[in-house]
Structure formats: structure tokens, C-alpha cells
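Undergrad: Provided herewith is a single structure, encoded as C-alpha cells, for subsequent inquiry.
Derivation of every value follows stated rules applied to the coordinates shown; laboratory data play no part. These numbers come from a predicted model, not from an experiment. Here Cβ is always computed from backbone atoms with ideal geometry, including for glycine, and neighbour counts include all displayed protein chains.
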């Protein structure tokens with residue numbers, strides 16, 4: 001079995017040694033600019049005389065074609081590649097290209113399907129090994145691995161959880177492919193089923209206090225940490241990046257509007273009311289001045305009970321236009 005690796009994320013690096021020991025690894029490729037990964041690949045390439053190619057957007061198809069011609073792999077394993085592989089190149093390896101996708105296909109296609117399942121409060125996310133075709137994440141499925149999303153999983157924690165599972169899944173997949181070849185069972189993704197999720201925009205990261213429940217805000221904050229620097233709230237028109245919140249059990253005797261600050265104290269921190277009337281404690285907040293815990297905000301910024309976190313008018317029109325565009329895109 002001749003195997004090429006085209007990787008842009010570190011988890012599958014641990015399969016290099018077993019592939020080298022078996023004499024199966026024939027080529028390495030990565031997007032230039034992924035410094036630690038590229039450095040590691042170059043060292044392995046030099047030590048074992050395994051061809052390495054650095055890929056960029058401008059040279060991608062041409063360099064990949066030459067690399068395939070030089071290495072002649074039976075299969076190429078891919079992880080988190082940002083560029084679409086031309087259809088004619090996908091046909092060159094005997095068994096094609098197989099992608100290790102962070103998300104459960106077909107419902108979660110796209111470039112960041114760690115963010116969306118957490119944000120959507122799914123019970124499970126996971127990863128998929130699928131054969132690549134000419135579209136994004138639509139190829140036949142070789143393996144689906146559901147993985148529970150815990151209530152405190154952030155984007156970073158959950159990504160690391162999946163990353164720890166990938167190497168073993170990769171070894172098992174390679175063994176199965178080696179044994180079964182083109183008879184390896186694959187499940188076709190039916191046309192029209194599933195959904196492609198774009199990378200979250202600034203609008204997706206904004207907390208909509210008048211629309212989102214406390215649990216929805218909690219999920220958005222976790223999904224945004226640390227990849228996007230947290231969910232975005234506005235105080236006095238200035239953006240705050242909320243990195244961690246806690247659901248507060250206590251209720252308030254007063255009628256509060258969504259986004260209104262209910263408590264500010266060094267003991268209880270900064271507590272905000274959500275759309276459903278439940279309370280959230282701001283545990284960690286990034287501001288232009290630095291990273292602060294919620295109980296420091298009242299002292300440092302003079303935040304007072306009754307102030308309201310709300311999206312400034314200058315952003316409201318942009319948010320509404322983008323929502324209309326998204327709905328129009330999905331309806332088409």
C-alpha cells in the first residue's frame with residue numbers, strides 16, 4: 001500500500017511512524033504557512049527521503065499533479081484542506097482521496113463543523129472519513145464516528161477531543177482499505193440531503209439578547225471559544241468578546257429587558273438577563289484593554305446595574321441585510 005498524506009492539522013502526524021515502519025508512506029504535502037506542521041514534514045522528508053511538497057493557492061493544482069506523478073500513491077489521506085482538488089486529479093490514486101472531516105456527514109458539511117453543532121446545541125458531533133469527489137464534503141462515506149458534546153465543551157476542547165480519536169480511526173481505516181481494496185464498503189450521500197455550513201460570520205458571533213435564550217447564548221459562547229475570540233456583545237457601543245459564561249440558578253424579582261445587567265458585584269460578578277428571562281454570569285471577557293473576569297468589570301469599567309448590552313444601531317441594518325441574504329440563499 002502506497003500512501004500519501006496531505007494534511008493541514010496536527011492530529012494525523014502520529015500515524016507517520018507506523019506508516020514509515022511498514023514502508024507505506026510515499027509522500028507528504030501541506031499548505032505553506034502552517035509553520036509547525038511544515039517544519040515537521042520537512043524533517044521527516046529529509047530523514048526518510050520521502051518527497052514533500054508545499055502547496056499554495058496559486059500553485060496548488062500544478063504542484064499537486066507533479067507530486068502525484070512523482071509519488072504514485074494508491075490513496076491520499078487528507079485533513080482540513082482549504083483548496084478544492086480538481087476532479088481529474090482525484091482519479092489518479094488507485095483508491096482516490098479520503099478526507100478526515102470534523103463533522104457528521106451529510107448534515108454538517110463545511111469548513112467549521114465544530115462551531116455549528118455546539119452552537120446548535122446538538123447532543124453529538126463527531127468526524128467522518130469519506131471519499132472525496134468534485135464538491136465539498138459530498139463523497140461516499142467510509143466511517144462515521146459520533147462523539148458526545150458535553151455541556152461545557154468549547155470549540156477548542158471539543159476539537160481536541162476529536163483530534164485524540166483520529167489517529168486510531170485512521171489506522172483502522174488504512175488496515176481495512178489494505179485488506180479490502182476497492183471492495184471497501186462505502187455509503188453514498190444522497191443528492192439533496194444534508195447541509196453545508198459556511199464559516200461563521202461576524203453576525204453569527206453576535207449575541208442577540210432579544211432573540212436568544214440563556215442556553216443559546218451559553219452555546220454560542222462555547223462554540224466561539226477560542227477559535228473566534230468568543231461571542232460578541234456590545235457595552236456602550238464598544239464590542240466585548242465573551243469567552244465564558246455560567247447559567248445562574250437564581251431568579252430576579254424585577255422585570256428585566258433582554259441584555260440588561262442585573263447584578264454587578266465583586267462577589268457575584270456581572271450577571272445579565274437573556275431573552276427567556278434567565279440569567280447568565282459573564283465569567284471571562286476580552287476587551288480592547290485586556291482579558292478580565294466578570295467580577296472585575298464593575299470596578300474597572302464602572303458597569304452598573306440597569307445598563308443594557310445591545311447591538312448598536314450602526315450594526316443593526318447590516319445584520320438585518322445579511323440575515324435576508326442568508327435566508328434567500330438557503331431558499332434557493
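Undergrad: Have a look at the DSSP beta bridges in the range 3-183 and tell me what percent are antiparallel, nearest 5.
TA: On the way: 11 of 28 bridges.
The answer is about 40 percent antiparallel.
Undergrad: Share of antiparallel DSSP beta bridges in the chain, in percent to the nearest 5? The partial results should precede the final answer.
TA: Working: 37 of 56 bridges.
Just about 65 percent of them are antiparallel.
Undergrad: So for the range 3-183, averaging the separation of alpha carbon pairs under 8 Å that are six or more residues apart and normalising by length, what relative contact order in percent results? The partial results should precede the final answer.
TA: Working: 286 pairs, mean separation 33.8, N = 181.
19 percent.
Undergrad: Under Stokes-Einstein, with the Kirkwood radius over Cα pairs standing in for Rh, what whole-number D in µm²/s applies to the range 163-203 at 20 °C and 1.002 mPa s?
TA: Details: Rh = 13.6 Å.
Result for D is 157 µm²/s.
Undergrad: Here's another thing I want to ask about it. P(r) for the range 1-89, please, calculated from all Cα pair distances in 10 Å bins and given in %.
TA: Computed distribution, short to long bins: 17, 57, 25, 1.
Undergrad: I'd like to compare 85-98, 210-223, 287-300: which one has the highest average count of other Cβ atoms within 10 Å, and what's the full order after that?
TA: Numbers: 85-98: 16.4, 210-223: 20.8, 287-300: 14.4.
Sorting 85-98, 210-223, 287-300 by mean packing, highest first, produces 210-223, 85-98, 287-300.
Undergrad: What angle do you read, to the nearest 10 degrees and between 0 and 90, between the alpha-carbon axis of helix 214-224 and the longest principal axis of the chain?
TA: Helix 214-224 sits at roughly 40 degrees to that axis.
Undergrad: In vacuum, with every alpha carbon of the range 71-117 counted as one equal point scatterer, what does the Debye formula give for log10 I(q)/I(0) at q = 0.18, 0.22 Å⁻¹? Two decimals, please.
TA: Computed log10 I(q)/I(0) values: -0.63, -0.83.
Undergrad: A further question on this structure: Which residue fluctuates most in the GNM of the chain (Cα springs below 10 Å): 26, 272, 305?
TA: 305
Undergrad: Hey, another quick one. Roughly how tilted is helix 155-180, in degrees to the nearest 10 and between 0 and 90, from the longest Cα axis of the chain?
TA: The two axes meet at around 20 degrees.
Undergrad: Of the peptides 228-240, 175-187, 113-125, how do they stack up when ordered by the mean number of other Cβ atoms within 10 Å, highest first?
TA: Values: 228-240: 18.2, 175-187: 13.0, 113-125: 20.1.
In descending order of packing, they fall as 113-125, 228-240, 175-187.
Undergrad: Nearest 10 degrees is fine. How inclined is helix 313-331 to the longest principal axis of the chain, computing both from alpha carbons?
TA: 40 degrees
Undergrad: In percent, what relative contact order does the range 202-314 have, based on Cα pairs under 8 Å that are 6 or more apart in sequence?
TA: On the way: 250 pairs, mean separation 31.2, N = 113.
About 28 percent, as a whole number.
Undergrad: Let me ask something additional. 222 nm [θ] for the chain, helices only, -39500 (n - 2.57) per DSSP H run of 4+, per residue, to 500? Spell out each step's value before the answer.
TA: Values: 10 runs with 107 residues, N = 332.
Estimated from H runs of four or more residues: -9500 deg cm²/dmol.
Undergrad: Beyond 22 Å, what share of the Cα-Cα pairs of the range 202-314 remains, rounded to the nearest whole percent? Intermediate results must be reported in sequence, preceding the final value.
TA: On the way: 1307 of 6328 pairs.
In whole percent, the share of Cα-Cα pairs in the range 202-314 beyond 22 Å is 21.
Undergrad: Oh, and also: Could you work out the relative contact order of the chain, using alpha carbon pairs under 8 angstrom and six or more residues apart, expressed as a whole percent? Before the final figure, lay out each step's value.
TA: On the way: 631 pairs, mean separation 39.2, N = 332.
12 percent.
Undergrad: Can you tell me what share of the DSSP beta bridges in the range 202-314 is antiparallel? A percent to the nearest 5 is fine.
TA: So the antiparallel bridges amount to about 95 percent of the total.
Undergrad: Also, I was wondering about something else. So if the hydrodynamic radius of the range 1-155 is defined as the Kirkwood radius over C-alpha pairs, what does Stokes-Einstein give as its diffusion coefficient at 25 °C and 0.890 mPa s, in µm² per second?
TA: On the way: Rh = 16.3 Å.
D = 151 µm²/s.
Undergrad: So what are the three principal axis dimensions of the chain from its Cα atoms, in whole Å, longest to shortest?
TA: Largest to smallest, the principal-axis extents are 69, 44, 35 Å.
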